Amino acid sequence: MALLNKRPHAVMLPFPAQGPINAMMQLAQILYARGFYITFVNTQYVQERISRSGSVESVKSPPDFRFETLPDGLPPEHGRTSKLAELSRSFTDNGPPYFDKLMDKLKHSQPDGVPPVTCIVSDGLVSFPQKIARKLGVPRVSFWTHSACGFSTYFFAPLLVEKGYIPLKDERCLTNGYMEQIIPSIPGLPHLRIKDLSFSLLRMNMLEFVKSEGQAALEADLILLNTFEDLDRPVIDALRDRLPPLYTIGPLGLLSESANDTISDISASMWTEETSCVKWLDCQDPSSVIYVSFGSITVMSREELLEIAWGLEASKQPFLWVIRPGLIDGQPDVLPTEFLERVKDRSFLVRWAPQMKVLSHPSVGGFLTHSGWNSTLESICAGVPMISRPFLAEQPTNGRFASEVWKIGVAMSEDVKREDVEDLVRRLMRGEEGQQMRKTVGELRDASIRAVREGGSSYTSMEKFVQEIKRGLDCE
Ligand code: UDP
């Protein structure tokens, strides 16, 4: 029993969407490889989706890497991530009593070999475990699976509200030039326009939620960010001045590659990956393919999809395009036969791709992305420049950073036109500008590799974090 008590046990609770789950899973695998016992908590809906997707690896997880579930309080037919405000509210309202019960169950599972819980790691947008962590006397780790710049805008939201920038007063703000206004005052961030802010900050139905979760970071015992110092130093420094100890441990995808092989296969994907696209990539020229994906949550109009399709066609560039079920508002098969016929020799369409493998494939030379944080970071790790077409959450901020701060991408206007798509694809894939961005993102990729190597900033932060949790154990 004494030995059992000395094993650290992390309970990990992601926000119930694919991107945050992926990042939390990477962290879980790293902690497991460093000797932690893991309880990974998904919503029932997510866990069923993962099982149905054929990602059976989760079933094969070892007995000391367990899955548990909580209800999100929504009926099965609810759109969930397509109605983020409702999902966030419902999970925050319904999750806590079940989470408390789970913690109680884990406490009483010690005779069955489950070590006492040593820390709760929950997404930055899921702060409700804070109370029970206090009660149990264990640290709550707030893991922001968002970008540092995105988190920063959430944390400084009260300032933006006070100065009257957000929320939008009414829908006219979208068209009367208001969105172009510069905000000079977010510590650590360059001057952003209102339109570069997270969509969650602009509207009342999400603003209250992200604002209060941003402030809840002040109560956490420790904060983790999936980035690295050389990428985000000014943003991180400004946050560090105001928050509990903050560690940068990214890119987790690279750090987890070196984690224990026996479990690195545990998948948390809600879709079945179509690996056949990698064989297609094998037959393409180096750096010739543009990879197109808008992540797991985006819903776009049929009109926009068609503009993108015809822009890709006109660019004459080979492309691999992820058209996820649910990507287009209510319509499954929308690409016209004429388009499919014209691009059949230089395109590959899938419903879900093994994205990391795709981005790191030598044939891929560019990424048309929605600028979700995981996708952005994965593109940096692979040294692939981007075209950014943000849709929601903190994607506009990430896209702005990619084009204006890191200079590794170009921005697409929100009123997507096929001529622009064609022009941007050409500039990225064939122009001098694209060459320069490829060089710059290559340097960032090298910096990310240095960060996760022994002695690098993220490697060292991860070691410190693990030691801190283990030290808490020694004090018991
Ligand atoms: N992803 C994937 N296959 C796809 C599309 C996306 O594996 O076909 C993964 C991608 O690698 C990333 C996650 O899904 O880890 C998407 O997260 P991100 O933060 O980029 O965007 P979100 O889906 O949260 O909007």
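The values are calculated or read from the model by the stated rules, or taken from the named source; none is laboratory data. In this text, all values refer to a predicted model and were calculated from it rather than measured experimentally. Neighbour counts run over all protein chains shown; Cβ positions are idealised from the backbone, glycine included. To get the accessible areas, we keep the full protein, side chains included, count just its heavy atoms, and leave off ligands, DNA and RNA. Shrake-Rupley method; radii C 1.70, N 1.55, O 1.52, S 1.80 Å.
Which one of ILE186, ILE166, ILE194 is in contact with a strand residue (DSSP E or B) (Cβ under 8 Å, 6 or more places away or on another chain), β-branched (Val, Ile, Thr) and at pLDDT 95 or above?
After ruling out the rest, the residue left standing is ILE194.
Only residues in segment 345-369 that are under 16 Å from ASP285 (Cα atoms) and in contact (Cβ under 8 Å) with a residue 12 or more places away in the chain count as the first member; pair them with residues that are within 12 Å of the ligand (Cβ to nearest atom) and among the charged types (D, E, K, R), Cβ under 6 angstrom, at least 6 apart or cross-chain, and list the lot.
Correct list of pairs: LEU359/GLU378.
Check PHE367 against each of (1) within 25 Å of the chain's Cα centre (by Cα); (2) more than 11 Å from the ligand (Cβ to nearest atom); (3) closer than 23 Å to LEU428 by Cα and name the one condition it does not meet.
(2)
Quick grid of which residues meet (1) open to solvent by 10 Å² or more (accessible area, probe 1.4 Å); (2) not in a helix (DSSP H, G or I):
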| position | (1), (2) |
| --- | --- |
| GLY214 | no, no |
| ALA217 | no, no |
| ILE223 | no, yes |
| ASP230 | yes, no |
| ILE236 | no, no |
| PRO244 | yes, yes |
| GLY250 | no, yes |
| LYS279 | yes, no |
| ILE290 | no, yes |
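Name every residue in segment 92-143 that is in a loop (DSSP other than H, G, I, E, B) and touching a strand residue (DSSP E or B) at 6+ places or on another chain (Cβ under 6 Å), in order of residue number.
Matches in segment 92-143: PRO115, VAL117, THR118, GLY124, VAL126, VAL138, PRO139.
When residues of segment 380-412 are filtered for being over 17 Å from the mean Cα position of the chain (by Cα), of a type in the set (A, V, I, L, M) and assigned to a helix (DSSP H, G or I), how many remain?
Total satisfying the criteria: 1.
Considering only segment 356-381, how many residues are among the aliphatic types (A, V, I, L, M), open to solvent by 20 Å² or more (accessible area, probe 1.4 Å) and in contact with a Phe, Trp or Tyr (Cβ under 9 Å, 6 or more places away or on another chain)?
Total meeting the criteria: 0.
Out of GLN47, GLN29, which single residue is without any contact (Cβ under 8 Å) to a residue 60 or more places away in the chain and either out of contact with any Phe, Trp or Tyr (no Cβ under 6 Å at 6 or more places or on another chain) or within 15 Å of the ligand (Cβ to nearest atom) (or both)?
Just one listed residue meets the conditions, GLN47.
Out of PRO16, PRO111, PRO62, which single residue is away from the ligand (no atom under 16 Å from the Cβ), touching a residue at least 24 places away in the same chain (Cβ under 8 Å) and either open to solvent by 10 Å² or more (accessible area, probe 1.4 Å) or not basic (Lys, Arg) (or both)?
None of the others qualify; the one that does is PRO62.
Got a sec? Which of LEU168, LEU160 is part of a loop (DSSP other than H, G, I, E, B), surrounded by 15 or more Cβ atoms within 10 Å (Cβ to Cβ), among the aliphatic types (A, V, I, L, M) and out of contact with any Phe, Trp or Tyr (no Cβ under 7 Å at 6 or more places or on another chain)?
LEU168
Can you tell me which of (1) within 21 Å of the chain's Cα centre (by Cα); (2) at positive phi is the one GLY79 doesn't meet?
The number of the failed condition is (2).
Quick check on segment 372-379. Is at least one of its residues in contact with a Gly (Cβ under 7 Å, 6 or more places away or on another chain), in a loop (DSSP other than H, G, I, E, B) and within 8 Å of the ligand (Cβ to nearest atom)?
yes
Hey, among the residues in segment 327-353 that are out of contact with any helix residue (DSSP H, G or I) (no Cβ under 7 Å at 6 or more places or on another chain), assigned to a loop (DSSP other than H, G, I, E, B) and within 16 Å of the ligand (Cβ to nearest atom), which one's most open to solvent (accessible area, probe 1.4 Å)?
ARG351
Can you work out which of the residues in segment 297-307 that are under 18 Å from the mean Cα position of the chain (by Cα) and open to solvent by 20 Å² or more (accessible area, probe 1.4 Å) is farthest from LEU424 (Cα to Cα)?
ILE297
May I ask you to list the residues in segment 315-326 that are under 28 Å from LEU254 (Cα atoms) and open to solvent by less than 10 Å² (accessible area, probe 1.4 Å)?
PHE319, LEU320, TRP321, VAL322
Exactly one of (1) over 15 Å from the mean Cα position of the chain (by Cα); (2) touching a residue at least 40 places away in the same chain (Cβ under 8 Å); (3) assigned to a helix (DSSP H, G or I) is unmet by GLY150. Its number?
Here GLY150 clears every test but (1).
Name every residue in segment 430-469 that is of a type outside the set (Lys, Arg), open to solvent by 60 Å² or more (accessible area, probe 1.4 Å) and assigned to a loop (DSSP other than H, G, I, E, B), in order of residue number.
Of everything in segment 430-469, those that are of a type outside the set (Lys, Arg), open to solvent by 60 Å² or more (accessible area, probe 1.4 Å) and assigned to a loop (DSSP other than H, G, I, E, B) turn out to be GLU454, GLY455.
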